[in-house]
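A.B. asks: Structure provided below as structure tokens; questions to follow.
What follows draws every value from the coordinates through simple rules; no lab data is involved. Quick caveat: nothing in here was measured; it's all calculated off a predicted structure. Every residue, glycine as well, gets a Cβ built from its backbone with ideal geometry; the counts of neighbours run over all protein chains shown.
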Amino acid sequence: MGMQQVFEALKSKVGTLIHQSDWIEITQERINAFADATDDHQWIHIDQTRAAVESPFKATIAHGYFTLSLYPKLRGLVNPENPPYPGTKNIINYGINKLRFPGPVISGSRIRSNCTLLSVEEVKGTIELVEEYSVEVENQSRPACVAENIMRLYF
């Protein structure tokens, strides 16, 4: 597909859910690995014994930024065998307009993403998308992360 075809296809989808990921489990091992990668070892994330007693959630929780960092995977942007937009040479995360962490991701929970296309426009020879990335936590009413992510598609 060429840039104009992708642009027209996306224009017709503004305001709709354009991607829902599979469920993935957020294990304590994954939370610990993120803590090690970022040097953020706050007890609420890694100390299961203390969290069981002192945390309002009675368990450890994932870092909010860990939940955000799963965007490329949950959005389906990292599998070169199945690109979301055929014909693109690169898909670049350009930024975030808004970011909130309304609810926790308790260790052992399963999450999935729901992505709604908010806008699409041509910018400097690229297609710029703004989409809402909402992370649903299984059996929890509040999302764990809601962000307006900006991507640019290069052809």
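A.B. asks: Can you name the number of the only condition in (1) of a type in the set (D, E, K, R); (2) in contact (Cβ under 8 Å) with a residue 12 or more places away in the chain; (3) within 19 Å of PRO143 (Cα to Cα) that LYS11 fails?
C.D. replies: (3)
A.B. asks: Exactly one of (1) touching a His at 6+ places or on another chain (Cβ under 8 Å); (2) under 30 Å from VAL6 (Cβ atoms); (3) of a type outside the set (Ser, Thr, Tyr) is unmet by ILE31. Its number?
C.D. replies: Going through (1) touching a His at 6+ places or on another chain (Cβ under 8 Å); (2) under 30 Å from VAL6 (Cβ atoms); (3) of a type outside the set (Ser, Thr, Tyr) one by one, ILE31 breaks only (2).
A.B. asks: Now a separate question. Quick one: count up the residues across the range 124-155 that are farther than 16 Å from LEU68 by Cβ and of a type outside the set (Phe, Trp, Tyr).
C.D. replies: So the answer is 12.
A.B. asks: Next up: Yes or no: GLY108 farther than 18 Å from ILE31 by Cα, in contact (Cβ under 8 Å) with a residue 60 or more places away in the chain, among the small types (Gly, Ala, Ser) and out of contact with any strand residue (DSSP E or B) (no Cβ under 6 Å at 6 or more places or on another chain)?
C.D. replies: No, not satisfied.
A.B. asks: Out of all the residues in the range 98-127, which are part of a strand (DSSP E or B) and in contact with a Ser or Thr (Cβ under 8 Å, 6 or more places away or on another chain)?
C.D. replies: ILE106, ILE111, ARG112, SER113, ASN114, CYS115, THR116, LEU117
Rundown of residues vs (1) farther than 18 Å from LEU68 by Cβ; (2) surrounded by 13 or more Cβ atoms within 10 Å (Cβ to Cβ); (3) in contact with a Cys (Cβ under 6 Å, 6 or more places away or on another chain); (4) β-branched (Val, Ile, Thr), yes/no style:
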position: GLN4; (1), (2), (3), (4): yes, no, no, no
position: THR16; (1), (2), (3), (4): yes, no, no, yes
position: ASP22; (1), (2), (3), (4): yes, no, no, no
position: ALA33; (1), (2), (3), (4): no, no, no, no
position: ASP39; (1), (2), (3), (4): no, no, no, no
position: ILE46; (1), (2), (3), (4): yes, yes, no, yes
position: ARG50; (1), (2), (3), (4): yes, no, no, no
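A.B. asks: Ok, one more. Would you call ASN114 within 22 Å of GLU132 (Cβ to Cβ), surrounded by 15 or more Cβ atoms within 10 Å (Cβ to Cβ) and polar (S, T, N, Q)?
C.D. replies: Criteria met by ASN114.
A.B. asks: If you take just the helices (runs of 4 or more DSSP H) that sit entirely in the range 24-81, which of them hold at least 1 residues that are over 22 Å from GLU136 (Cα atoms)?
C.D. replies: Qualifying helices (runs of 4 or more DSSP H): 28-38, 43-46, 48-54.
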